[in-house]
Every structure is written in structure tokens, then in C-alpha cells.
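The values are calculated or read from the model by the stated rules, or taken from the named source; none is laboratory data. All values reported here derive from a predicted model rather than from experimental measurement. Ideal geometry is used to build each Cβ from the backbone, glycine not excepted, and the neighbour counts take in all protein chains shown. The accessibility values were calculated without ligands, DNA or RNA, using every heavy atom of the protein model including side chains. Shrake-Rupley method; radii C 1.70, N 1.55, O 1.52, S 1.80 Å.
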Amino acid sequence: MAWYNDIFNFNKPQPPQANIRKTIDFEQQLQRVRQDAQSFNIALQAAESPMYPNRFLLMQTYQQIVLDGQVQSAMLQRKSKVLCQKFMVCGPDGEVDEMKTEWLNQKWFYDFTNLSLDSIFWGFSLIQFGNIINDKYTSTELVPRIYVVPEYSLVRANTATVTEGKRFDEAPYNNWCIGVGEKKDLGIMMYLAPYVIWKKNAMAAWAEFAEVFGSPIRIGKTDVRDELTRKNMENMLRNMGVASWAVLDLNDNIELMQASRTDAYAVFDKMVERCNSEISKIILGQTGTTDEKSYSGSANVHENVASLIAKQDLMKMKFVIESQLFPMMIRNGFDLNGCTFKYDESESISILDQAKIDASFMPYYKFEHEYLEHKYNIELQDMPDMEEESVMVANKLMNLYK
């Protein structure tokens, strides 16, 4: 009956659905706590332990790092170059297969690509797939990283154990989940963490500097010992604004030691700026696509670096799809044997630039109407032959003066 199934494209029976997330007793919420260099080092040592690796503290650090605006901007810029790329599935003959391409042109595949790219930043990511309905997966979700022990291919029931759990690389779970990334990879957030921590400390110190020196301190002096009178002065100063205030005796004195330079804020500003540039270099390999002060010459070089990193990410995703996603889909009944995945990496140019190119060829070559109408979304009509039009005008003039 194999020939019958092949002719009518019947899917093979899929294995029973298995959700490895059910291994978890209950999902624990990661607390957002203040991070410093010492807590990061402790988290890193726990994650790199050769015998009992535990990423709980590291993920707690990462979830604070990802809140940084520069990190978010650079991550979005890098991921968008892959998520917005057109793709195609080619059959064993090398020709584009529209039906199989449509299998992937769904929300579940976009989510899978998005989660797979997160492995670049977060490290190893285990992705769980839902059931299949109408030739598409119903869901694609991340298995919480605090329960995944990549080094042992385990998903643990709770965060207290390390070596006990269920293996995600064995049946039946390997038919419904994919681990993306190297098992010991901790992601590039490991390199971002020190700069984000320093940046937050600098901004906190800057905020304190602005609070103390941004607004002049209000001082009320009195020699009255009446408690009610002093209380009234305190209330008046307190309600005048958010700046600091004090009630002193006539002979008391407050002296604020401030740097004589007028650009003392630059100490904090330069620190934040340097941390931002280092964050961009780590994620994007350059600063030209995020730094508004970049010059046109260097910006072109930086754009080339960004393009190289984008090609690297496209290649990574192609390997993941062909070596991990396609085999899993084949086991789930999709006919993808011998198929290949390709991104459309052809260069695209604006419609204005294309029009200039076409116009330069028009004096020498004739264009088909179908090409021009499709390319520029316009309706074309044939122009009358100039010689025939001249004869018609001459005949009309002769008839007019007969």
C-alpha cells in the first residue's frame, strides 16, 4: 500500500503526542532581584559546574539583563534579519515545492524560529511542539530553562535536583521537542552581564547625583524653640517640592562638596555610553547600525559586518531546520524526505532604483507589457504608430480644404 499512500500523499501515522513540560511538578516563578558583579560570578560558577550544573541563578540574572533597552534593541535588530527573510522548501529534484513551503509558512514556524534565535542570547533552548491539526502544529513553546539540564539531556521535575528527570533526546519526547544550541553554551548574555550591571550602577549613581545636585537644597533657619512653629516650617519646606530640605538653627551650617567642573554629569554619561557601545559590539559585532554619531564611511563597513552576522544566523537556522526540524516532522508524518530548506538571499532594491535601471535599457531593448505591469502595478496601452498617425492627419487636412 506504500505506492497508494505516496500517490495520494497520505501522511504516515504520527507517534503519540508527548509533552515533556508535564515532567515539571509545578512551574516556579523566578524572582527579580538586584544583580551585582558578585551575584553574577556565583551564578556563572553554578552553571559551569562540571558535575552538578545548575542554571537557576544564571537565568535569574539573565531575566534582569534582558530588560535593558540597548540589549533589547540590538537583539531585535539581529533577530529581525532572519525572521523577516523569505524562505522556500525544495524537493529532492531541487525545485521549489509550494505545498511544502506552505507547511512552514505558518505562525508555529515563526515562533520556532524566534525561540531558536533566542538560543544565541540565552544559551541552549528546548522547544516543545503541540499536536498536529490540518498539517500544522498547534503550538510551539519554550520549556522553562531553569528545569532543563542540557549537559545530561534532562528535564527535571523541580529546581532542587540536577541528575534526575526525563531525557528529552529519547522517545517519545524526541518526536515532539527540539533542543537548539550547544549543550554547554551559556549564550552571549554571559558577556553582556558585566556591562549591563555597570551601566545600571552608573545610571543609579547619576539619578542620585541629579537628586542631590540637580535641585538646590532648601534651608529654613530659626531660633524658635516652639515645637509647633518648627513643625509648620518643616511642613512648608516638605510641600515645596521634591528637592532636599532642612530646618536648622541660626548658627548651624550645611556644606555640599561638589566638583568645580560644570560637566560632572559626563562621568556617568560616558560610562553609560561606553557600556552601550560594548553591548552593541557583543550582539551585532559593530556600533554603526545603532550609534547615531556614526559617519557614512564607517557606517558602510559596520553594515557589512552586520550582514555577515545575519548570514551566519541564517546558516545556523538552515542547519537546525534540516538536521533537527525536518527529521522530527518526517517522524510525525510529513513527507519531507530528501527536501532541503533555503532562504531567499537575493538582493532586493527599491522600486525607484529598479525603474532607473529599466529606463536605462529602454532605448536599446523592448520590454514585455506583462513585466512592466506586474513590476510597477500600472496598466499599459499601445501607442499608435507615428507614421500611420501622420497619414491620418494629412488626410483630414486634405478633406478639410477640398
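Brief remarks on what is shown
- Meets criteria (of a type in the set (D, E, K, R), free of Cβ contacts under 8 Å to residues at least 60 places away in the same chain and open to solvent by 20 Å² or more (accessible area, probe 1.4 Å)) for Asp36: no
- Subset of region 125-143 that is within 20 Å of the chain's Cα centre (by Cα) and open to solvent by less than 10 Å² (accessible area, probe 1.4 Å) - its residue that is nearest to Gln29 (Cα to Cα): Val143
- Filter pass, Leu44 being open to solvent by 50 Å² or more (accessible area, probe 1.4 Å) and modelled with pLDDT of 90 or more: no
- Filter pass, Glu151 being acidic (Asp, Glu), open to solvent by 50 Å² or more (accessible area, probe 1.4 Å) and within 23 Å of Met317 (Cα to Cα): yes
- When residues of region 155-184 are limited to those that are open to solvent by less than 60 Å² (accessible area, probe 1.4 Å) and closer than 16 Å to Ser49 by Cα, the one modelled with the highest pLDDT: Thr159
Residue by residue, here is whether (1) farther than 30 Å from Asn337 by Cα; (2) touching an Asp or Glu at 6+ places or on another chain (Cβ under 7 Å) holds:
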residue: Gln29; (1), (2): yes, no
residue: Met59; (1), (2): yes, no
residue: Val82; (1), (2): no, yes
residue: Leu104; (1), (2): no, no
residue: Lys107; (1), (2): no, no
residue: Leu126; (1), (2): no, no
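- Within region 185-204, tally of residues that are open to solvent by less than 60 Å² (accessible area, probe 1.4 Å), in a helix (DSSP H, G or I) and in contact with a helix residue (DSSP H, G or I) (Cβ under 9 Å, 6 or more places away or on another chain): 9
- Count - residues of region 93-124 that are open to solvent by 60 Å² or more (accessible area, probe 1.4 Å) and over 16 Å from the mean Cα position of the chain (by Cα): 8
- Qualifying residue in region 205-214 (condition: at pLDDT below 80, surrounded by 16 or more Cβ atoms within 10 Å (Cβ to Cβ) and not in a helix (DSSP H, G or I)): no
- Positions within region 329-343 being open to solvent by 20 Å² or more (accessible area, probe 1.4 Å) and more than 16 Å from Pro15 (Cα to Cα), in sequence order: Asn337, Gly338, Thr340, Lys342, Tyr343
- One residue alone among Asp118, Asp135 is on the phi > 0 side of the Ramachandran plot and of a type in the set (Asp, Glu), and that residue is Asp135.
- Tally, over region 149-181, of residues that are within 25 Å of the chain's Cα centre (by Cα) and more than 16 Å from Ala18 (Cβ to Cβ): 4
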